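One structure is given below, encoded as structure tokens.
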Amino acid sequence: MGLDIFFFRRNRNKNIEPEEIGYFRKVNFLVRFFGDMGFNIAEQIPLEITKEMCKDLEERCMAVLDDITTCKELLPTMDGFFGSTAYDADYIHDVELVLMKLQEDIIPAFNNLKDTEYITFET
């Protein structure tokens, strides 16, 4: 399984190189979240994502940061994968980083997509 997690702006024209708009390493809950949204964890096939998926993730991150007791319900980790499954200071730090990247780069990227472009989640 990939330890690196990427968000790419891609073009349906395969000759155009993708643009990386987000990168994380060993953020267990991200893989679980997008796995629940249709990402095939075993095959690691890039998942075309929507702005609504990212807004949902943003809301969950904010809720977890507001009340850590909601973490297992809103952004659970997954056993048998990479990274820590603990809900500790490192987990909170990852939630903060994901929230910041969503708000600064990933969600705004949806507003600037051309008709031939889309955004993917990949490991």
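Below is a table of values for the structure above.
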| quantity | calculated |
| --- | --- |
| Residues being aromatic (Phe, Trp, Tyr) and in a helix (DSSP H, G or I) - total across the range 22-54 | 3 |
| Selection within the range 75-87 - surrounded by 12 or more Cβ atoms within 10 Å (Cβ to Cβ) and over 14 Å from the mean Cα position of the chain (by Cα) | Met78, Phe81, Phe82, Gly83, Ser84, Thr85, Tyr87 |
| Subset of the range 91-102 [over 12 Å from the mean Cα position of the chain (by Cα) and in contact (Cβ under 8 Å) with a residue 24 or more places away in the chain] | Tyr91, Ile92, Glu96 |
| Residue match in the range 109-118 (condition: under 14 Å from the mean Cα position of the chain (by Cα), at pLDDT below 95, among the acidic types (Asp, Glu) and under 30 Å from Glu17 (Cα atoms)) | no |
| Selection status of Leu57, modelled with pLDDT of 95 or more and out of contact with any Asp or Glu (no Cβ under 9 Å at 6 or more places or on another chain) | yes |
| In the range 74-90, the residues that are assigned to a loop (DSSP other than H, G, I, E, B) and either without any contact (Cβ under 8 Å) to a residue 12 or more places away in the chain or of a type in the set (S, T, N, Q) (or both) | Thr77, Asp79, Gly80, Ser84, Thr85, Ala86, Asp88 |
| Flag if Glu48 is in contact (Cβ under 8 Å) with a residue 60 or more places away in the chain, under 20 Å from Asp115 (Cβ atoms) and either touching a strand residue (DSSP E or B) at 6+ places or on another chain (Cβ under 8 Å) or exposed (fewer than 13 other Cβ atoms within 10 Å of the Cβ) (or both) | yes |
| Unique residue being out of contact with any strand residue (DSSP E or B) (no Cβ under 6 Å at 6 or more places or on another chain) and exposed (fewer than 12 other Cβ atoms within 10 Å of the Cβ) when the list is Asn15, Asn28 | Asn15 |
| Candidates Leu65, Leu57, filtered to the one that is of a type in the set (A, V, I, L, M, F, W, C), in contact (Cβ under 8 Å) with a residue 24 or more places away in the chain, part of a helix (DSSP H, G or I) and buried (at least 16 other Cβ atoms within 10 Å of the Cβ) | Leu57 |
| Selected residue (only one of Leu57, Leu65, Leu74 is closer than 20 Å to Asp4 by Cα and in contact with a helix residue (DSSP H, G or I) (Cβ under 8 Å, 6 or more places away or on another chain)) | Leu57 |
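The values are calculated or read from the model by the stated rules, or taken from the named source; none is laboratory data. Everything quoted here is computed from the prediction, not taken from an experiment. Cβ sites come from the backbone with ideal geometry, for glycine too, and all protein chains shown count toward neighbours.
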